[in-house]
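Okay, structure first, notes after.
The values are calculated or read from the model by the stated rules, or taken from the named source; none is laboratory data. As the structure is a prediction and not an experimental result, all values here were calculated from the model. Cβ: placed from backbone, ideal geometry, glycine included. Neighbour counts: every protein chain shown. SASA here: full protein model, heavy atoms, side chains in, ligands and nucleic acids out. Shrake-Rupley method; radii C 1.70, N 1.55, O 1.52, S 1.80 Å.
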Amino acid sequence: MEGLRKAEESVRKRILEREGMTDEDVREVIEEELFRHMPNMSPCEYEAAEERIFGRIRSRLGSLYRLAGDRDINEIMVNGFENVFVEKKGEMSRVEDVFESTAELEDVIRNIAAEVRREINELNPILDARLADGSRVNAVYKNIALSGPVLTIRKFSRNKMTMKRLTELGSLTDECADMLKMLVESGYNIFVSGGTSSGKTTFLNALSDFIPEEKRVVIIEDSAELQLTGVENLVQMECHNANSLGKGLVSMDMLIKTSLRMRPDYIIIGEVRGQEVADMLQALNTGHCGMSTGHGNSVRGMLRRLEAMYLMSGQLPMEAIRAQIVEALDIMVHLVRTSDGRRRVIEVQEIAGLDGEDYVLNPLFLPGEDLALRRTENRICRDIKLKLKGFTA
């Protein structure tokens, strides 16, 4: 590591002496200094060393530059500067010798925050943001994380996932995709649930491709990730944290409220986590079509979580909350991530109504023994929207 450190110092010195160097110029300098300070490296070691130095000098991601550029890596997890893990092709592995110190890791985290006009420090110790390519970033500062700063990067796929591609991968069947297409085109309100890394956002993105191109769509997200294609009349909004003075907060519930004044045909809410559920349900209860996602273990479990999140906004009778949910949401889609890393749709259920204190669910697709979706014999109960569009349930 001593030779690598000396090579980097020499590169930095030469860059300071010569202004206006391009990335290609910098790589040439790195190559020269590596051969001078570490002449006995293998080709693999040389490539890793070059990318490490280039990232530390030219990229906000610093020493993570090489990992972020690996297309096979889905997620990067840093638990203090000495513990770096990646998920690659569904498998978790440890990566050695990425950071040299806590200070270096902190620099990377602060650089990421600065790029998206946010800040992270002891007063604001949690960062939720995204990179320029759409990758999702979460960071926790050292005064909160006992083992040192924590940084998690969920990489954004360069290739937009379509519903056709999801069916090819076995995430759902063609029959299920066709029905969902019909439901979206008919204006049904659809909620996608699932656990962490089950593919909710990816599925919502693919599902939104079915929205008719002439519609006006408003997207609301905590960190912008969705990529709609084929819709020209599109508004995309992102939440904003307060600054160190407590000013500038733009929350999801604020954006949902203002979206109602934008004459939307469809409102897409990236993910609900708290009291904004009340505003989401109110929006979908006032004639707007919409989609959203949330963390849940099952369809029924997600409905109970929606109740709990609604209560964060105020103490309403549970009967009124359940009535709001039934009126606002039509279809629940639940996804899981299997042990081999694949994401699958395992439930598609219609919310048919209430029976006392319980939801009446109408299963449309359920998993077989091999987790493959099976179409039930049930028809859609609340079929008025389908009939208005000329479809049959």
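Values for this structure:
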quantity	calculated
Label-to-label distance, nm, for residues given as Ala114 and Thr338 (7 Å Cα→Cβ offset)	4.6 nm
Of Leu16, Leu306, Leu329, the one that fluctuates the most in a GNM where the chain has Cα springs shorter than 10 Å	Leu16
Value at 222 nm in deg cm²/dmol, rounded to 500, when DSSP H runs of n ≥ 4 in the chain each add -39,500 (n - 2.57)	-10500 deg cm²/dmol
With Cα atoms, 0 to 90° folded angle of helix 2-17 axis to the chain main axis	90 degrees
Residue with peak Gaussian network fluctuation, the chain [Cα springs, cutoff 10 Å], from Arg27, Arg130, Arg118	Arg27
Inter-label distance, nm, simple model (7 Å from Cα along the C-beta direction), Met38/Leu388	6.4 nm
Accessible surface of region 1-47 [probe 1.4 Å, protein heavy atoms]: carbon and sulfur percent	48 percent
In region 150-199, trypsin sites (Lys or Arg not before Pro) in a DSSP loop with at most 16 other beta-carbon atoms within 10 Å	Arg158, Lys160
Sparse-neighbour loop sites [GluC sites (Glu not before Pro); region 154-201; at most 11 other C-beta within 10 Å; DSSP]	none
Restricting region 44-153 to GluC sites (Glu not before Pro) in coil, as DSSP defines it, with at most 10 other Cβ within 10 Å	Glu96, Glu122
Carbon and sulfur %, accessible surface of region 196-302 computed with the full protein complex present, 1.4 Å	48 percent
Amide H within-cut-off set for Val360, under 5 Å, with H built and near neighbours excluded	Ala352, Gly353, Leu354, Asp355
Probe 1.4 Å, protein heavy atoms only - accessible area per residue of the chain in square angstrom	49 Å²
Positive-end extreme of charge dipole, region 153-252 - chosen from Met182, Leu172, Val250 (charges on Cβ)	Val250
Kirkwood-type radius of the chain, with distances r between different C-alpha atoms, in Å	23.3 Å
